[in-house]
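Trainee: Structure provided below as structure tokens; questions to follow.
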Amino acid sequence: MDLVPVFDLDGTLIDSDAALVDAFVTLGVERDAISFGHVLATECTRLGIDMDAYLAAYDEDQAQPFAGTDALVSQLGHWAVCSNKHRRSGEVELARLGWKPDVAMFSESFDGPKRLGPVLTALGRSADEILFVGDTAHDRLCAAEVGASFALAGWNPRAVPGPGDLVLRHPRDVLGVVDGSVRPTATG
């Protein structure tokens, strides 16, 4: 059986680092105080800014697909998004790109940081039927918590491999994993 790929959005399918940073900088946050992979509400609280002001400053058009992700998405049958991104920005970006995942869950869908459990439920799949593709240690942990296979989006130069990670160098490599020609291993 083919695996259903579930993707993180920022740093995995789209290169949004500049858009994320620029919105904070516009609101007076020092560049080196900004980190990635957090729930927006938590990061805004940590940095002392209003989340609505951040959302108003965030430019969805600035976030662009990584090379090869648009072609990958166009070849997928079933797929999903599991992201810490705020729903408003995430939905605008998916619509702008013409991407239509079976399930798209954002920070408002979770009690705290993203988790794969609700995505699995919405997909009607078990952990052994998905591949979670992400770019951070938190993404790796999400997969491990449910016993799902994990692949690192190695096309993002900021992604750091962990022990035992399946590192994918190009988005098209996802296809080999989901069709079974490349074997992933469950993390954790």
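Trainee: Just the residues that are over 15 Å from the mean Cα position of the chain (by Cα), not in a loop (DSSP other than H, G, I, E, B) and not hydroxyl-bearing (Ser, Thr, Tyr), please, taken from the stretch 63-87.
Mentor: ALA71, GLN75
Trainee: Then there's this: ASP10 - would you say it is within 23 Å of SER149 (Cα to Cα), touching an Asp or Glu at 6+ places or on another chain (Cβ under 9 Å), surrounded by 18 or more Cβ atoms within 10 Å (Cβ to Cβ) and not hydroxyl-bearing (Ser, Thr, Tyr)?
Mentor: Yes; evaluated as a whole, the condition is true for this residue.
Trainee: Considering only the stretch 26-52, state which residues are surrounded by 14 or more Cβ atoms within 10 Å (Cβ to Cβ) and either touching a Leu at 6+ places or on another chain (Cβ under 7 Å) or among the hydrophobic types (A, V, I, L, M, F, W, C) (or both).
Mentor: LEU27, VAL29, ILE34, PHE36, VAL39, LEU40, ALA41, CYS44, LEU47, ILE49, MET51
Trainee: Could you check, for the stretch 136-152, whether at least one of its residues is assigned to a strand (DSSP E or B), surrounded by 15 or more Cβ atoms within 10 Å (Cβ to Cβ), touching a Phe, Trp or Tyr at 6+ places or on another chain (Cβ under 6 Å) and not basic (Lys, Arg)?
Mentor: Within the stretch 136-152, one or more residues are assigned to a strand (DSSP E or B), surrounded by 15 or more Cβ atoms within 10 Å (Cβ to Cβ), touching a Phe, Trp or Tyr at 6+ places or on another chain (Cβ under 6 Å) and not basic (Lys, Arg).
Trainee: Filter the stretch 94-118 down to residues that are acidic (Asp, Glu) and modelled with pLDDT under 95 and give me whichever is farthest from ALA56 (Cα to Cα).
Mentor: Among residues in the stretch 94-118 that are acidic (Asp, Glu) and modelled with pLDDT under 95, the one farthest from ALA56 (Cα to Cα) is ASP111.
Trainee: Next question, about the same structure. Among the residues of the stretch 117-157, what is the count of those that are acidic (Asp, Glu), more than 15 Å from the chain's Cα centre (by Cα) and over 20 Å from ASP179 (Cα atoms)?
Mentor: Residues flagged as acidic (Asp, Glu), more than 15 Å from the chain's Cα centre (by Cα) and over 20 Å from ASP179 (Cα atoms) within the stretch 117-157 amount to 1.
Trainee: Looking only at the stretch 35-57, how many residues end up being modelled with pLDDT of 90 or more and part of a loop (DSSP other than H, G, I, E, B)?
Mentor: 3
Trainee: Return yes or no: is LEU97 farther than 18 Å from PHE36 by Cα, under 12 Å from the mean Cα position of the chain (by Cα) and surrounded by 15 or more Cβ atoms within 10 Å (Cβ to Cβ)?
Mentor: Here the answer is no, as LEU97 does not meet what is asked.
The values are calculated or read from the model by the stated rules, or taken from the named source; none is laboratory data. Computed from a prediction, not measured in an experiment: that's the story for all the values here. Don't worry about glycine lacking a Cβ; one is built from the backbone with ideal geometry, like all the others, and counts go over all protein chains shown.
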